[in-house]
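**Q** Sending over a structure as structure tokens; questions will come in a sec.
The values are calculated or read from the model by the stated rules, or taken from the named source; none is laboratory data. Everything quoted here is computed from the prediction, not taken from an experiment. When we count neighbours, we look across all protein chains shown, and the Cβ atoms used for this are built from the backbone with ideal geometry, even at glycine. Accessible surface is based on the protein model in full, side chains and every heavy atom, while ligands, DNA and RNA are left aside. Shrake-Rupley method; radii C 1.70, N 1.55, O 1.52, S 1.80 Å.
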Amino acid sequence: MPICHRSVTTLAKPPSYFAHVDGLRALAVLAVMVYHLNPALLPGGFVGVDVFFVISGYVVTASLAGHRHETASAFLAQFYARRLARLVPALVTMLVVTTALYVLFVPKAWFNRAAETVGQMAFWGMSNWTLDRQVVNYFEPRAEWNPFTHTWSLGVEEQFYLVAPLILFVALGSQFSARRRSLAAVGIATLAVLSLMACYYFGLTRGSRAVFYQITFRFWELACGVILYLLGTHAAALSGAATHLYRISGWFGLALAGVALGLPRPDAYPWIRSTIAVLGALLLIGLPAIERRDPANRVLASRPAVWIGHRSYALYLWHWPVYVLARWTTGLDLWPFNVVAAGISVAAAAASYRWIENPVRYSRIVKRSPPLWRVSSFVIVLGLGWWAGGVLLQAQPVLGLGQASRQAADWYADRQLLKSTLAAARRCNPVVRNSPVANLAEGLTAFVPAGCERKGAAQLFVLGDSHAVAYLPMLEQLSAEQGRTVKVLQAPGCGYIDMMAPMDPAVERQCFDIAKAAMRLVLAQAQPGDIVFLPSLRLPRLIQLGGRRRSSTGHAGSDDVYARSADELASIRAAERDAPHWLVPLLDAGLQVVFELPKPILQSHPFQCVDWFNRDNPACTGGLSERRSDQERYRAPVVQAMRELVARHPGLA
């Protein structure tokens, strides 16, 4: 292949290691770490994950290219043996250690109820499916309190590894004709285009959460890295204007990455933001068959950048649980704690890289072992880690250091309902039946009083957010005492008529679809005279889950957090006008509908603020007491709107 420019040379065999790609890894992981520490510092830092996906597709293809002469069985066996040796030791160590610390310091709470399932599924590369099913938005505070949320991206990569090597065996294999190799490459490109189109369509119509976690909507990012490598190995040397553009393409890539990292709105995903990040990554990586020595390339290939890049996997694994555990204990509101958390993350990553990753990855014993033996061994390690995690979680009542863990009967209603005084009033033990419902992640939970059902007793339907979840033990007790069938459709984060705002598909499509599904189910199963109970929060929180406090909406200079702003009052009125759309179909069906009025809320989370290791957390400064007059004033606009609805609609209480 001719050389058309002094500074651009071609390589007969593209290398499998690229120093500047390690530097790009460093840029991506640092962006993610800064964003997770404080999103205000780098609003688009989370697109570092998009960059990681491009790198993974590229590097995996480069690695497989070195084995293009092998048979299919050897090709796949060697690939999975190498990948598992690279990923499993550090992942299992992080998951087990994090689970142990979670058990010690984190109490069970409604908003971190998904954490345990996510942590256990992370061993098997399925945490992204769990987060998606639990309707946990990556950009909401609930995700920030789950020490395993970050494993979703590993799940996406591992699912990609189940598909890509099969196609790449043909695309890279020297034993196949050029036509077959081209067809395989076209197949990957076609899947990438379909994935991108699906990502854009569902992202725009269903919101960013709908496309964030799934491999279906992320495949295109990994495939871009694959396609870059496949195209680059056949690239002819550049000349003229093309050579000049190629020499400065790294700077274009750096500029695009900077734009993606600096965009202020998370809801720009997937439109613009992820596309810009992927294009920037492709330009920064460049073509493997052509050497490029532009300044951007030299910066990325520098020793500090490469040092961080080598440890990027470990940094990604460890920084998130360190940050989350800090939120549960000391807090991350003050800069000294930020610095300490970042320092612990780097130290843990360096230790993991030095004593866990490298000894296994480069072990002569491991390398000399048959691939199938290596794969089996690492699967066993995953199984042992999963078992250890389960044992630790089961032992939380004994091992947990917090009051909420050790004195659970004082904190959780279900423990109180087991007392003999309540047990004596039970007619029977209801059968619990769970069934799926379209668009409703939690499905339908039914308590059926088999053997003691009261003839003619009205069914009770409960539609609500996490407050409906909190009522589950009491609803089961009610079913047992009254011989009444109780059916619960709960969707944490999605209240059925929360009275804070209209249910608008343009604002929150997920909750709108859930409400529609709940209404359809009730109308299909209810009989005239049945009861529908609507529990919900119905007030803006005085402190958000991430620690952000409600700002004063009173007069200038006032610190009155209970005053309602003009915008809030207008939103409540709009919710009142919207409510009949959701109430009238139920009332017309002869059902009795019962609203739950707003309950008192506090300026601190009690379960986070009562132990020696968390009571000094800045999130606890609001205290654990409230004046009744303040609470009544705070909820008055909602109560008034609900009373007016009741006055206008017979059958509503």
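**Q** What pairs come out if I take residues in region 620-638 that are in contact (Cβ under 8 Å) with a residue 60 or more places away in the chain and under 13 Å from ASP560 (Cα atoms) and pair them with residues that are aromatic (Phe, Trp, Tyr) and open to solvent by less than 30 Å² (accessible area, probe 1.4 Å) whose C-beta lies under 6 Å away, six or more apart or interchain?
**A** Every condition considered, the pairs that remain are ASP630/TYR562; ARG633/TYR562; TYR634/TYR562.
**Q** Could you count how many residues in region 446-471 are more than 19 Å from ASP498 (Cα to Cα) and surrounded by 15 or more Cβ atoms within 10 Å (Cβ to Cβ)?
**A** 10
**Q** Output the residues belonging to region 89-117 that are out of contact with any Leu (no Cβ under 6 Å at 6 or more places or on another chain), β-branched (Val, Ile, Thr) and in a helix (DSSP H, G or I).
**A** If the condition is that a residue be out of contact with any Leu (no Cβ under 6 Å at 6 or more places or on another chain), β-branched (Val, Ile, Thr) and in a helix (DSSP H, G or I), then VAL92, THR93, VAL96, VAL97, THR98, THR117 are the ones that fit.
**Q** A further question on this structure: Filter region 197-212 down to the residues that are in contact (Cβ under 8 Å) with a residue 24 or more places away in the chain and over 18 Å from ARG142 (Cβ atoms), then identify the one that is surrounded by the most Cβ atoms within 10 Å (Cβ to Cβ).
**A** Among those residues, the one meeting the criterion is CYS199.
**Q** A follow-up question, please. Return the pair list, or none, for Cβ contacts closer than 8 Å from residues in region 320-333 that are buried (at least 19 other Cβ atoms within 10 Å of the Cβ) to residues that are modelled with pLDDT of 95 or more and outside any helix (DSSP H, G or I), at least 6 apart or on different chains.
**A** Taking only residues 6 or more apart or on different chains, the pairs are TRP320/PRO147; PRO321/PRO147; PRO321/PHE148; VAL324/PRO147; LEU325/PRO147.
**Q** Take region 342-378 and flag every residue that is open to solvent by less than 60 Å² (accessible area, probe 1.4 Å), assigned to a helix (DSSP H, G or I) and under 13 Å from ARG86 (Cβ atoms).
**A** Answer for region 342-378, where residues must be open to solvent by less than 60 Å² (accessible area, probe 1.4 Å), assigned to a helix (DSSP H, G or I) and under 13 Å from ARG86 (Cβ atoms): SER352, TYR353, ILE356, GLU357, ASN358, VAL360, VAL366, ARG374, VAL375, PHE378.
**Q** Continuing with this model, one more query. Is region 478-488 home to any residue that is part of a loop (DSSP other than H, G, I, E, B) and not charged (D, E, K, R)?
**A** yes
**Q** Within region 588-600, take every residue that is touching a strand residue (DSSP E or B) at 6+ places or on another chain (Cβ under 6 Å) and among the hydrophobic types (A, V, I, L, M, F, W, C) and give me the one that is surrounded by the fewest Cβ atoms within 10 Å (Cβ to Cβ).
**A** Ranking the qualifying residues of region 588-600, first place goes to VAL594.
**Q** GLN159 fails exactly one of the following numbered conditions: (1) open to solvent by less than 60 Å² (accessible area, probe 1.4 Å); (2) outside any helix (DSSP H, G or I). What is the number of that condition?
**A** GLN159 satisfies all of (1) open to solvent by less than 60 Å² (accessible area, probe 1.4 Å); (2) outside any helix (DSSP H, G or I) except (2).
**Q** For region 459-480, name all the residues that are hydrophobic (A, V, I, L, M, F, W, C) and either touching a Cys at 6+ places or on another chain (Cβ under 7 Å) or modelled with pLDDT of 90 or more (or both).
**A** Residues satisfying the conditions are LEU460, PHE461, VAL462, LEU463, LEU475, LEU478, ALA480.
**Q** Please enumerate the residues belonging to region 109-138 that are at pLDDT below 80 and out of contact with any strand residue (DSSP E or B) (no Cβ under 9 Å at 6 or more places or on another chain).
**A** Matches in region 109-138: ALA109, TRP110, PHE111, ASN112, ARG113, VAL136, ASN137.
**Q** Criterion first (surrounded by 18 or more Cβ atoms within 10 Å (Cβ to Cβ), out of contact with any His (no Cβ under 9 Å at 6 or more places or on another chain) and either basic (Lys, Arg) or at pLDDT 95 or above (or both)) does GLU576 satisfy it?
**A** yes
**Q** What are the residues in region 141-164 that are over 18 Å from VAL106 (Cβ atoms) and acidic (Asp, Glu), if any?
**A** Passing the criteria: GLU157, GLU158.
**Q** Which of (1) in contact with a strand residue (DSSP E or B) (Cβ under 8 Å, 6 or more places away or on another chain); (2) of a type outside the set (A, V, I, L, M, F, W, C); (3) under 30 Å from PHE139 (Cβ atoms) does PRO430 not meet, given it meets every other one?
**A** For PRO430, the exception is condition (3).
**Q** Could you please tell me which pairs satisfy a Cβ distance under 6 Å, a separation of 6+ or placement on different chains, a first residue in region 508-525 that is farther than 12 Å from TRP582 by Cβ, and a second residue that is assigned to a helix (DSSP H, G or I) and open to solvent by 20 Å² or more (accessible area, probe 1.4 Å)?
**A** ARG509/ARG206
This table checks each residue for (1) of a type outside the set (A, V, I, L, M); (2) open to solvent by 30 Å² or more (accessible area, probe 1.4 Å); (3) part of a loop (DSSP other than H, G, I, E, B).
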| position | (1), (2), (3) |
| --- | --- |
| ARG538 | yes, no, yes |
| SER551 | yes, yes, yes |
| VAL561 | no, no, yes |
| ILE572 | no, no, no |
| LEU602 | no, yes, yes |
| ASP616 | yes, yes, yes |
| ALA619 | no, no, no |
| LEU645 | no, no, no |
| PRO650 | yes, yes, yes |
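**Q** Can I ask one more? Enumerate the pairs (first residue in region 397-424 and closer than 19 Å to LEU325 by Cβ; second residue anywhere and open to solvent by 90 Å² or more (accessible area, probe 1.4 Å) and at pLDDT 65 or above) with beta-carbon separation below 9 Å, excluding pairs fewer than 6 apart on the same chain, so at least 6 apart or on different chains.
**A** GLY400/ARG406; LEU401/TRP612; GLN403/ASP410; ALA404/ASP410; SER405/VAL398; ARG406/VAL398
**Q** Can I ask one more? Restricting region 162-179 to residues that are in a helix (DSSP H, G or I), closer than 17 Å to THR61 by Cα and not aliphatic (A, V, I, L, M), which is most open to solvent (accessible area, probe 1.4 Å)?
**A** Filtering region 162-179 for residues that are in a helix (DSSP H, G or I), closer than 17 Å to THR61 by Cα and not aliphatic (A, V, I, L, M), the one most open to solvent (accessible area, probe 1.4 Å) comes out as PHE169.
**Q** Give region 621-643 a look and list any residue that's hydrophobic (A, V, I, L, M, F, W, C) and open to solvent by 30 Å² or more (accessible area, probe 1.4 Å), or say none.
**A** Result: LEU624, ALA636.
**Q** Are there any pairs, at least 6 apart or on different chains, whose C-beta atoms fall under 7 Å, with the first in region 37-56 and in contact (Cβ under 8 Å) with a residue 40 or more places away in the chain and outside any helix (DSSP H, G or I) and the second of a type outside the set (Gly, Ala, Ser) and open to solvent by less than 10 Å² (accessible area, probe 1.4 Å), and if so, which?
**A** GLY44/ARG273
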